[in-house]
Amino acid sequence: MRPPIARLVALFAITVAGALVALAPRSARAFGDAGAFDPRVLITGSQTGPAHATAPGRWAWELEQRTSAPARLHPSVVRADDPAVIGAPFLYWSGDADLAPLSVEEIAGLRRFFALGGVLLADDAGAGPHGEPSPFGRAARREIARVLPDGAPITLGADHVIFRTFYLLHRAEGRVEGPQGLEAIVRGGLAQVIFSDNDLGGALARGASGMWEQPVVPGGDTQREHAIRLAVNIAMYVLCSNYKDDQVHAQFLMRRRAAASP
Amino acid sequence: MLSTHLGTSADLPSWGVAVAVALAVASLALLVAEVRREGRGAVGVAVTGLLAVAALLAAVLRPARVAARETAVGARVVVLADTSRSMALPGDDGRPRSETRDAIIARLAKRGAEPDGARFVVLGFGEGAPAPLPEHGSHDDASARAAHSDLGAALRAIAASAEEHPAAVIVVSDGRLDDPPEDVSAAALHAMGASLHVPIDTVATTRSAPPDASIRRVSAAGAAVAHVPLPLRVDVGCAGGLACDELTVTARELRDDGPPALLASGIAHLEDGKGTLDLTITLERAGSRIVEIAIAPQQGDAVPANDRRLVTFEVARERVRVLHVAGRPTNDVRALRQWLKSDASVDVVAFFILRTPTNDVHASTNDLALIPFPVDELFRDRLPSFDAVVLQDFDAQPYGLEKYLDDLRRYVLGGGGLVMVGGQKSFVAGGYAGTPLADVLPVQLGDSSDAPSADTSPFVPDWTPAGHAAPLLAPLRAAVGDELPEMPGANVLGDVRRGGVALWSHPSRRTRSGAKMPVLAIGDEGDGRTIALGVDGTWELQFSDLGSRTAGRGHGALWSGLLGWLMRDPRFEPAQLDVVGGCTAGLPSTLRARLPPDIGAAASSTVRLEITRIDGQRAPLRLEAARPHDAEPIDLPLPPLETGAYSARLSAADGSTTRHDFACEAGGDEWADTRPDPKRLEALAAATGGAFATAAEVASLRLPKPTTVSAERHVTPVAPPWVWTLSAAALLGIHWIARRRNGLS
């Protein structure tokens, strides 16, 4: 048992430490988090979660580590027919299996989301090595066409701002190399639906043990790093839209791209 | 008293009398010719013929005795006296021209006092319809105050008047008129008098110009737009024997945040007493801006007041240039950027901090699309080129902004707009407490060492009464009503500073004074405006249940009002101010305030007016007036002000403030050219059939004759009609007999 003086000293130290903690300027962490990037998982039909459960959290973690953008390390999950679907400007929709047709309520929810300017990433977790769409990839395109019948996907090449919102990227990459570009439905100048046939989530998924859950082919770690960079760029695109298209950046980035080219 | 004279029968028209007399004269002429040809017995034929013609004429005219009571009424003559400010300038003898004008009028009045003299109606002309000439006192009295000399408007008003039409019009002026202008054609001058159908006589008060160098005219090529070069043409002149071959002209903006700023200068070369200089100025700030155009003083100048003109430019914005600086990308930053970029009238330059020193990017610099934050370039070199600066969730310390906070404060005082938007790095947490920037924010910032910088409890902001009434939040109320989304927390802000107004407040948190903590506050500082928004959740006006129900319009409506108010968009001003008829130095004037109905409905409140001279050389003048219950304008009488630029600030009881800048000049346009123009008066008289006279020759003017008016009239025939007829028949018979005896047919 400790002597009384030692206990008093310890008590005093704890009290002082507590007071210092109480008096120290408190960070506005909680109220800053509300506007943080949230890779919200979209659930439709009989889906129960994302194809790679740890991918959204890892995405948020990588964003916070690499950039100044705050992110939710525990991303939320929302159903398309839930009124909360319009609670934030981003949705992450992934899978590898076929999808049941969206219900009327789900279509209405997603239409409200897009009408407010939201962005959705449809990530094909079952994409083939060369980007061949899985049943999810085909079903996602089919169902989005029902939600946004006036929009047709176009290919976003390396010159699109999404490839330079934070990192300078030359192509899209994920768990599989897949196609060089991303497909997107652009409305009002904003890519509101982005289709990834590279399984971006597959490259991001990392278990509690710290091990990557999926091998990345054919590029290995380099390709995984590129996939993470693409995920960061997509998050930055959601938060900053076409910021890097501003005139003040254009000339600078053009010079840097020229310097980086062989 | 009755007067009697002979006349013709009353039933004969005057043309009938003329025909009868003409026929009689013709008959006599024939008779004379006939008698000369025949020669014989001429006397008898001539006498009887003469008598017969006379009897016939009398039978037609039937003479009568007319007894009448008659008076002569003088013709109505309208004297139009020039009452413009140029009449206060020195005349030929050095005394004000208005004194000569009044002497001329007195001489005309003396002629009116003569028997059967003209009835003079003396009216003053200046602006619009003429009015009775005010009593003459000193040289700056009411008879020489009009800001214009519009003779054309006065003549049109007389022609259109239902009063007795004048028999003549006499214009007394120095000839320096707005209408007719200097180079008017004779045809246009003739047209001026055509509607009156009477000649216009003119009398020149002055013939010689005083020794004077002046700015005669300042004209701008197009409207003034902020940041856009504006060409000015400055016409200068020298007259009255003052020798000046060249004059130095300067253009300076009068500012209340420091000494006048030199915009341009140049030298005007004069030929024949006239010169023109083209200057280009650039006004960086929108709103009312007062520019002083001045020439270097000349020795011997009798009218130094016109060496300097104060020109008010209503500077518009082609596009609002906004600098948007964000400390980190968030949903709130996203929403604001998208709104700024969606508005075609906004030119946004954005810088977002995307990477902090603690971030590990796992890449080389060449793999990054990041550029250094150009804090020096933005806040040292480019700051004046922006209309507004938005600091959103931005920490001043790590990025070198601290050293420019005083520049930012001066930028606000000089007319710039500033918005600080809440977040983890804003207000106290951003290190702004105790800095120069804190002095221009509308709220006090506490000391971060003993107070939390944020309250993380979710809450729904309360509307304050001022927020309910504020026109800048009207678009938001129209979009979402009184409902606001729940905010995830707030920056801890202090009391609203003097001149600030809280529009939203925290429902439970209090400031040190016990007042509800402001969440959204606005304030006027110097020439600029600032907004403090202590939350980072306005994006939820877009992405929330409320946003879904209102199609997300609330976010754009909020920022449209905030930015519009910051830029003094009249739609969002709590009041509209105007100096009625302009301000003349040394004369009282009236400032009219129009309050919108929703604010004017506030009962039993007052508005306070503060007039300050922009150079701060005089103590502010303060007035108070009761605010009407409805939207009726309030007229606030201003005492005589000295020459200079002034700023009027009207504050309502809720603290909302409206500013209006105006200039007071001694003579204005009327003193710009002090030369009299008697030739223009001479040309006007010649074109309308009138006469021109100088002041000394006024007695020679021919006035219209009086009109005779009969009050009572009695007509009595000299003889009955049958007597005249019988006499004529008899005398004609005798004449016929005389002709037959002399062998005539």
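The values are calculated or read from the model by the stated rules, or taken from the named source; none is laboratory data. Quick caveat, the model's predicted, so the values are computed rather than measured. Reconstructed Cβ throughout: ideal geometry from the backbone, glycine too, with neighbour counts over all protein chains shown.
Things to note:
- Taking the criterion of being within 14 Å of chain A (Cβ to nearest Cβ) and in contact with an Asp or Glu (Cβ under 6 Å, 6 or more places away or on another chain), the only residue of segment B:459-481 that qualifies is B:Val460.
- Residues of segment B:538-581 classified as free of Cβ contacts under 8 Å to residues at least 60 places away in the same chain, assigned to a helix (DSSP H, G or I) and surrounded by 19 or more Cβ atoms within 10 Å (Cβ to Cβ), total: 2
- Filter result (in contact (Cβ under 8 Å) with a residue 60 or more places away in the chain and within 20 Å of the chain's Cα centre (by Cα)) within segment A:115-132: A:Gly117, A:Gly118, A:Val119, A:Leu120, A:Leu121, A:Ala122, A:Asp123, A:Asp124, A:Ala125, A:Gly126, A:Ala127, A:Gly131
- Answer residue from segment B:192-210, given it is in a loop (DSSP other than H, G, I, E, B), under 29 Å from the mean Cα position of the chain (by Cα) and not small (Gly, Ala, Ser) and is surrounded by the fewest Cβ atoms within 10 Å (Cβ to Cβ) among those: B:Leu196
- Of the residues B:Val501, B:Val519, B:Val535, the single one that is within 11 Å of another protein chain (Cβ to nearest Cβ), within 46 Å of the chain's Cα centre (by Cα), touching a residue at least 12 places away in the same chain (Cβ under 8 Å) and within 30 Å of B:Ala286 (Cα to Cα) is B:Val535.
- In this structure, B:Ser265 qualifies as of a type in the set (Gly, Ala, Ser), exposed (fewer than 15 other Cβ atoms within 10 Å of the Cβ) and part of a strand (DSSP E or B).
- Selection status of B:Leu484, closer than 30 Å to B:Thr550 by Cβ, away from chain A (no Cβ under 14 Å) and assigned to a loop (DSSP other than H, G, I, E, B): yes
- Selection from segment B:348-385 of residues that are part of a strand (DSSP E or B) and facing chain A (nearest Cβ under 7 Å): B:Val349, B:Ala350, B:Phe352, B:Leu368
- The requirement of being surrounded by 12 or more Cβ atoms within 10 Å (Cβ to Cβ) and of a type in the set (Asp, Glu) is fulfilled somewhere in segment B:166-177, by at least one residue.
- In this entry, B:Ser9 passes the filter for residues that are of a type in the set (Ser, Thr, Tyr), outside any helix (DSSP H, G or I) and either in the same structural domain as B:Val66 (by TED's automatic domain parsing) or touching a residue at least 40 places away in the same chain (Cβ under 8 Å) (or both).
Per-residue answers, yes or no, for (1) charged (D, E, K, R); (2) modelled with pLDDT under 95; (3) touching a Lys or Arg at 6+ places or on another chain (Cβ under 9 Å):
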residue: B:Arg382; (1), (2), (3): yes, yes, no
residue: B:Phe386; (1), (2), (3): no, yes, yes
residue: B:Val419; (1), (2), (3): no, no, no
residue: B:Lys425; (1), (2), (3): yes, yes, yes
residue: B:Val443; (1), (2), (3): no, no, yes
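- Complete set of residues in segment A:164-190 that are under 14 Å from the mean Cα position of the chain (by Cα) and either over 22 Å from A:Gly128 (Cα atoms) or in a strand (DSSP E or B) (or both): A:Thr165, A:Phe166
- Residues that are within 11 Å of chain B (Cβ to nearest Cβ) and not in a helix (DSSP H, G or I), drawn from segment A:101-124: A:Leu116, A:Gly117, A:Gly118, A:Val119
- Unique residue being free of Cβ contacts under 8 Å to residues at least 24 places away in the same chain, out of contact with any Asp or Glu (no Cβ under 9 Å at 6 or more places or on another chain) and either basic (Lys, Arg) or in the same structural domain as B:Thr282 (by TED's automatic domain parsing) (or both) when the list is B:Gly241, B:Gly222: B:Gly222
- Taking the criterion of being over 19 Å from B:Val390 (Cα atoms) and either aromatic (Phe, Trp, Tyr) or in a strand (DSSP E or B) (or both), the residues of segment B:305-327 that qualify are B:Arg308, B:Arg309, B:Leu310, B:Val311, B:Thr312, B:Phe313, B:Glu314, B:Val315, B:Ala316.
- Just so you know, in segment B:307-347 the residues that are among the polar types (S, T, N, Q) and either in contact with a Pro (Cβ under 6 Å, 6 or more places away or on another chain) or at the interface with chain A (Cβ under 9 Å from one of its Cβ atoms) (or both) include one that is nearest to B:Gly400 (Cα to Cα), and it is B:Thr330.
- Within segment A:216-240, the set of residues being over 16 Å from A:Leu63 (Cβ atoms) and in contact (Cβ under 8 Å) with a residue 24 or more places away in the chain comprises A:Val216, A:Val217, A:Pro218, A:Gly219, A:Gln223.
- Per the conditions (1) at positive phi; (2) crowded, with 24+ Cβ neighbours inside 10 Å, the sole criterion not satisfied by B:Ala335 is (1).
- Screening B:Gln298 on (1) within 27 Å of the chain's Cα centre (by Cα); (2) in contact (Cβ under 8 Å) with a residue 24 or more places away in the chain shows it passes everything except condition (1).
- Looking across segment A:191-209 at every residue that is of a type in the set (A, V, I, L, M) and not in a helix (DSSP H, G or I), the one that is farthest from A:Tyr92 (Cα to Cα) is identified as A:Ala208.
- One residue alone among B:Gly222, B:Gly175, B:Gly152 is within 13 Å of B:Leu80 (Cα to Cα), part of a loop (DSSP other than H, G, I, E, B) and not β-branched (Val, Ile, Thr), and that residue is B:Gly175.
- Of all positions in segment B:321-340, none carries a residue that is in the same structural domain as B:Ile531 (by TED's automatic domain parsing), free of Cβ contacts under 8 Å to residues at least 60 places away in the same chain and among the hydroxyl-bearing types (Ser, Thr, Tyr).
- Note on segment B:432-448: among residues that are crowded, with 23+ Cβ neighbours inside 10 Å and under 24 Å from B:Val322 (Cα atoms), the one that is farthest from the chain's Cα centre (by Cα) is B:Tyr432.
- Count of segment A:241-257 residues which are more than 7 Å from every other protein chain (Cβ to nearest Cβ) and either without any contact (Cβ under 8 Å) to a residue 60 or more places away in the chain or aromatic (Phe, Trp, Tyr) (or both): 5
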